[in-house]
Amino acid sequence: MSTSMKKKITRKPILLDVYSPTRSEDHMLTWMSGRLIGQNNAVSAAVRIYTMALSKLKESEKAAGLYYLVGEPGVGKTELVKLLAEFIHGNRNAYVKIDGASLQEKNSANRLIGAPPGYVGYEDPKDTEAREVKEAEEAAKDPDAAARRFRKNPRKLLCRKNLVASRGDSKAPVTILFVDEAEKMYHTVDDLFLNAVEDGVMSLGDNEQVEFGDVIVIYAGNPGSAEAVNRKDPIGFTRQTAEKREEQTREIIMNAIKARYRPEMCDRFDEFIYFNKLQTEDLRTITSLRINQLIERFMNTMSRGTAFTIEVQDSARDFMLEEALKNSGNARRIGRAVRKYFTIPLNRLIALAEDSESELQVLSGDLIVVSHDKNYHEGTLLKFELIEDGGVVAPQDTIKASAKDTPLAMKFAGLDRQLTVAAERAKKASRNIYAVVTEHESELQMLEELQAAREESASILRMELVEVKIGMTAPWTLTLYFQATEEQSNLLKQHYPLANLSFEKKGKPAAESKEGPGSTKKVGK
């Protein structure tokens, strides 16, 4: 064999970027960041929780994860759990909640796993079966009442039936177990979770073995928060920076956790997720978010022909923020301020408008302007003004219904109103290019989706479809480029199911960019 053949063949290694988020993770980051304000680190942690729970490398003999959400009150810990449940299961309440404040006594564990045989509260498995049959019969008689409440086993909150039922109709194989005010629980309850997380199985009072391999246990609490919130700045001429104060707050809270839990319990937590104190700009964004959510709920729930247009001016938003900021404001105080100064008066306005004997008449197409004036009620209330025909009338509001609207029709009517209003506002606002990416099982299915998008862009979405890009090989990918405002992009997400889409924001309209190689096509009529 020649010397040249004996030489070892060396190849230059290729550096792999394994730390960038996948497309689904990036979509989840974008979705949650728009709803949980000022907590980027916590949002990133939520993505890790979801990814690890569904990981193929997850240890099968352990629970799907044990996490602790810590921080001052009113910074979004509970909201993170609700958003995680909404993203995974499509329902903000799709989780099992345990109130730590109700488990402060020594025998509190029996409320979770059921009393053992021979003790008060024990239920024989045969009696359990008979009770469940009776509950099923009652649900069949009144399905609406049964659908409104989550049926729990009152004697064993952590039985397998309850854990699976909390997911609703979702097919995601993950259950979220949320332990609120965890620092108030008696230590025997902590031991219960410690064993379940470590072994992947929880033993109930009647010896039922509950599988915990698909359960994410999330603790949330405020240990040390009283000391952190009430502490005073050091005496002297120098004031603490926000970063230094935040660092000390984190240290106080972590020391309180170490003092509350034994070392073996602290070691079992996969991650302590710290929530920062919300800054004024974060609270301002949350205020606008709460107001916009209320307006959206109003548009979706009002019956045909009664939804008027609402415009909340900056003066009103600033007033509600200032009221919430009094005495160290947080997200909960913003919710109370919006409820007190905006929701309650809006409810009264709706009631007066629907009262046939009232002199106040507010119709679809009218505009209600909400503002704050220091001369109006000495600046303690918001001012509501009516501008007749100043709003936008949805097309379906001009059509007389021949039958009672169904809930589905009313929901569509509410979305159509929002699309109409957003299209009117887009005439005076700056717009960007948003890319909607869908994957299809066949070329025919992709082309049908393209044809539908061309028809719906003007008639339903009221947005301009400026460009399309077609993947010519499997997987059949269709990219639609819409010119829209940020408000319209949120409605675009509602029109296309989130589970099958990802959204990108481009710097300039695709129609202005040069055509590149590939299958990009300008949209024709």
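Readers should treat all values here as calculations from the given coordinates under stated rules, not as data from a laboratory. Keep in mind it's a predicted model, so treat the numbers as computed, not measured. Positions of Cβ are generated from backbone atoms using ideal geometry, with glycine treated the same way; all protein chains shown enter the neighbour counts.
Could you tell me which trypsin sites (Lys or Arg not before Pro) in the stretch 297-361 are loop residues by DSSP with no more than 14 other beta carbons within 10 angstrom of their beta carbon? Present the calculation step by step, with values, prior to reporting the outcome.
Values: sites: ARG297, ARG304, ARG317, LYS326, ARG332, ARG333, ARG336, ARG339, LYS340, ARG348; in loops: ARG304, LYS326.
Passing both the DSSP loop test and the Cβ count: LYS326.
Considering only DSSP states other than H, G, I, E and B, which trypsin sites (Lys or Arg not before Pro) in the stretch 23-88 qualify as loop sites with at most 13 other Cβ atoms within 10 Å? Mind dumping the intermediate values first?
On the way: sites: ARG23, ARG35, ARG48, LYS56, LYS58, LYS62, LYS77, LYS82; in loops: ARG35, LYS56, LYS58, LYS62.
Answer by residue number: LYS56.
Tell me the net charge near LYS326. Cut-off is 14 Å between Cβ atoms, LYS326 excluded, with +1 for each Lys or Arg and -1 for each Asp or Glu. Present the calculation step by step, with values, prior to reporting the outcome.
Details: positive: ARG332, ARG333, ARG336, LYS340; negative: ASP318, GLU322, GLU323.
Charge balance in the 14 Å sphere: +1.
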**Report entry** Protection proxy ranking of 259-265, 175-181 - average other beta-carbon atoms within 10 Å, highest first
**Finding:** 175-181, 259-265
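Multiply the residue gap between LEU352 and THR10 by 0.36 nm, knock off their C-alpha separation, and tell me the result in nm, one decimal place. Mind showing how you got there, number by number?
Values: separation 342, 0.36 × 342 = 123.12 nm, distance 8.18 nm.
My answer for the length gained is 114.9 nm.
Highest mean first, how do 423-435, 203-215 rank when packing is the count of other Cβ atoms within 10 Å averaged over residues?
On the way: 423-435: 14.8, 203-215: 17.4.
Ranked from most to least packed, the peptides come out as 203-215, 423-435.
How much length would be gained if the chain were fully extended between LYS340 and GLN248, taking 0.36 nm per residue of separation minus their Cα-Cα distance, in nm to one decimal? Intermediate values should be presented prior to the final figure.
Details: separation 92, 0.36 × 92 = 33.12 nm, distance 3.41 nm.
This chain segment gains 29.7 nm when fully extended.
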Query raised in the report: Once you put a point 7 Å from the Cα of THR477 and another 7 Å from the Cα of THR22, both along the Cβ direction, what distance in nm separates them?
Result: 1.5
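To the nearest 0.05, what FRET efficiency results for ILE387 and ALA429 with a Förster distance of 22 Å applied to their C-beta separation?
Details: r = 20 Å, r/R0 = 0.90.
So the FRET efficiency works out to roughly 0.65.
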**Report entry** Cubic angstrom per residue, convex hull over Cα atoms of the stretch 280-398
**Finding:** 111
Query raised in the report: Between THR380 and GLU198, what is the label-to-label distance in nm when each label sits 7 Å out along the Cα-to-Cβ direction?
Result: 5.9
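Within the set of other residues whose C-beta is less than 9 Å from the C-beta of ARG284, count the net charge using Lys and Arg as +1 and Asp and Glu as -1. Mind showing how you got there, number by number?
Working: positive: ARG317; negative: GLU281, ASP282, ASP318.
Summing Lys and Arg as +1 and Asp and Glu as -1 gives -2.
Give LYS184/LYS277; LYS106/LYS161; LYS56/LYS97; LYS62/LYS171; LYS326/LYS493; LYS77/LYS171 a once-over and call out the pairs whose C-alpha atoms are over 29 Å from each other. Could the numbers behind the result be given before it?
Details: LYS184/LYS277 22 Å; LYS106/LYS161 26 Å; LYS56/LYS97 27 Å; LYS62/LYS171 21 Å; LYS326/LYS493 36 Å; LYS77/LYS171 25 Å.
Beyond 29 Å: LYS326/LYS493.
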**Report entry** Under 10 Å, Cβ to Cβ, from VAL47 - net charge with Lys/Arg +1 and Asp/Glu -1
**Finding:** -1
Query - Long-range amide H partners of ILE98 with built H, under 5 Å - result: PHE178, VAL179, ASP180
